[in-house]
Structures are given as C-alpha cells and as structure tokens.
Amino acid sequence: MLITGNWCMVVAGDKNGPRELWPDLKKHVAASRAVFLNDEDQVAIGGVFAEELPWKHFGRKNMAYLYALIHGAEKILDLDDDNIIYTDSVEDITNGVFNGDCCPEKVPTTVSATSAVPSVFNPYSTGVANVHPEEVLWPRGFPLRYIRRERSTTITEPTPPDTWARKVAVVQTLADHDPDFDAIYRLTRPLPVDFHQLATSAFLLSPPAFTPLNAQACLFKEYDALWGLYLPVTVHGRVSDIWRSFVLQRLLWDLGASVAVAGRTWVRQLRNSHDYLADFIAEADVYKKSEAMMKFLAEWVPTSGTLPARLEEVYVELYRRGFVEEDEVYHVQRWIEALMSLGY
C-alpha cells in the first residue's frame, strides 16, 4: 500500500505482538506517512478509554481510530493486516466508488427491504465468481436461516448517484481469493474465490435493509460517520465488527444516511493461518444471534434525542438482550467521552 495524497496509515499493535521487531518497525514507518502504535504508545494517548480498553483483542484497533481522529482524520479506510490493496493509491478507491470509474457502463442500484424482518442483503450472491453457478456464497454475519431462503431484499433499477435520497456514509468492498466467509463456509466449501465483477458499480442499501460489514476493507467516507468505528470488545473479534456494522447501519438511518457495497473488489486477502474449527467456535454468537440482533434493531424505537445518547442507549439495550456484556456499555460511554473531548 502506497501512502499517497493526504492519507496516512495508523497500525495498532497489541501486547502479544512481536516486541523484538517493534523498534525496527517504528524506525521504518517514521520515514513514511505511517504510524505504528505499540502498547506504550497507546497508553500514552491518555484518557480513561485508552486505560480501560482490553488488551489481546481485535478491539485494540479502536486506539488507531482514536489516534486518527485526534490528528484530524476526515475519512478512514479500515483495513486488516492480510489484505492487499489492488491500487497504488487510496484516492483511486475513494474517488472511484460512485463516479463510474470502476465500470463506466454501470451505475449504482438500490437494495430495498421486503416485508421480512429483518431484511438482509447478501452481496456475495450478486457477483460473478470463479465457482460453479449453483454454489451458494454468503458473508460472515449473514443469518444461516437466510442462506437458502427466498431473498429478503429486492434490487431496483439503476439509480444515478445524484438522485439518491440518502448520504452514503460507509462503503464496504468484497475481497478476492479468500473473502470474508464464516467458518462454516470455509470448512465445507472450496477456496479460493475471486469476484470478477458485481452486477453494478455499487449497491445502495435503503432502510430497513441490513448487510454485514467488516473491519477488513471498509471505507468510512463521511466525517459524520466516524463515531461508528467503535468495535465492541466484550465479544470475540470474529463477532465484533459484525455487531458494529448492525449498530452503525441502524443509527445511520436516523441521520438520513446509509451504507453501500462497492461493485468491485478493492483487496485480495491472503489470509493469515487460521484454525477453521477454532473460528467456528469463536463465531458462535454470529450464527446464533445475528438474525435476532437485526430484528431487534429494525424494530427498535429510540427514546433519546441525540446521537451520543442513542449510541449509549442502543448498547444498553443490546446488553439487556444478551448480545454484549455489561462492560460494553462502560466502554461505549468512554468512547463517546473521548470523541466529545476532541470536539467531534
């Protein structure tokens, strides 16, 4: 990845990282537009949020988000360490999502909900992949009950971007080679999978339709959506970004905004070594609770009038229903305080 234009890269380390490599790594990135935050750097950022955030958890990325916001980030491309960007420039991604650069003959289409609650969009079912046409593909976070069920969303005619009623705040991309499948798929289906091209330049989701988003290749393109970066830390990392995505989408609806899935892949994932059975165990909540969580969020009527209060309220309700632990509410409160202290 080349750091170009006005972009910088922030890498969050953890206490179980290769400490012997950190001095050389920090020396290497010092000459570029990149920052590596080891454990001492993260503590030095200060504040209760930094002090109380658990270690040895995927949610340490929250410190990278906070660091970026402290230093004036206006948009954030959330990546994972085993994803390789196809382009030499992040600007190619951010500037080409909706202007037709990726596929000039196509314009975005709208994904709308049906009467099903929840209505969940499966972007993997719309692409042209190097698998048998009858092979069923689905992303991590997609409810298992919906895999072979009749679609719970509809795709409308192409929609010129300037006629879209909602601001597109967040854009998810698919990955080639080893996409963000759940462990059930990886244990039972062939890999690799490459998406040659989706059927459109982007899918724009209209409420109350959901889709799973991840923290592996997801662009938070609007400053007003950066509060939604928070990754829950009282669930496993294989669950955290999925829960984040459902909360994010629900609260964006109240702001007149929504999310989209890009019509081309931005990254190729050469996945780090994983034990698929261990992943299966870690993803238990995703299999058992995704559908129920989206159903609750679709029907939820907040009582709070401001966005910070609604973010806190929704996590209180998620705790009461067993989706997160009690400490999650505390961490979210500290996240809100940290953002407000920055004047966000």
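Filtering the range 269-308 to residues that are assigned to a loop (DSSP other than H, G, I, E, B) and either under 24 Å from Leu226 (Cα atoms) or under 19 Å from the mean Cα position of the chain (by Cα) (or both) leaves Leu270, Arg271, Asn272, Glu283, Trp300, Val301, Pro302, Thr303, Ser304, Gly305, Thr306. With respect to the stated conditions, Gln249 is buried (at least 24 other Cβ atoms within 10 Å of the Cβ), out of contact with any Lys or Arg (no Cβ under 6 Å at 6 or more places or on another chain) and assigned by the TED database to the domain that holds Val286.
Checked against the criterion of being of a type in the set (Asp, Glu), buried (at least 18 other Cβ atoms within 10 Å of the Cβ) and either under 25 Å from Ile184 (Cα atoms) or touching a residue at least 60 places away in the same chain (Cβ under 8 Å) (or both), the candidates Asp275, Asp285 yield just one match: Asp285. One residue is enough: does the range 256-265 have a residue meeting the conditions modelled with pLDDT under 90, farther than 26 Å from Tyr330 by Cβ and touching a Phe, Trp or Tyr at 6+ places or on another chain (Cβ under 6 Å)? Yes, the conditions are met somewhere in the range 256-265. Of the residues making up the range 309-328, those that are of a type in the set (A, V, I, L, M) and either modelled with pLDDT under 95 or assigned to a helix (DSSP H, G or I) (or both) are Ala309, Leu311, Val314, Val316, Leu318. For the range 230-282, a tally of residues being touching a strand residue (DSSP E or B) at 6+ places or on another chain (Cβ under 6 Å) and not aromatic (Phe, Trp, Tyr) returns 13.
Among the conditions (1) over 25 Å from Asp178 (Cα atoms); (2) in contact with a Pro (Cβ under 9 Å, 6 or more places away or on another chain), Gly305 misses just one, which is (2). Of the residues screened, Ala257 is not one that is farther than 20 Å from Asp82 by Cβ and surrounded by 23 or more Cβ atoms within 10 Å (Cβ to Cβ). Considering only the range 89-126, state which residues are assigned to a loop (DSSP other than H, G, I, E, B), at pLDDT 65 or above and not hydrophobic (A, V, I, L, M, F, W, C). Scanning the range 89-126 gives Pro108, Thr114, Ser115, Pro118, Asn122, Thr126.
The values are calculated or read from the model by the stated rules, or taken from the named source; none is laboratory data. These numbers were taken from a predicted model, which means no experiment stands behind them. Quick reminder, even Gly has a Cβ in these numbers, built from the backbone with ideal geometry, and neighbours come from all protein chains shown.
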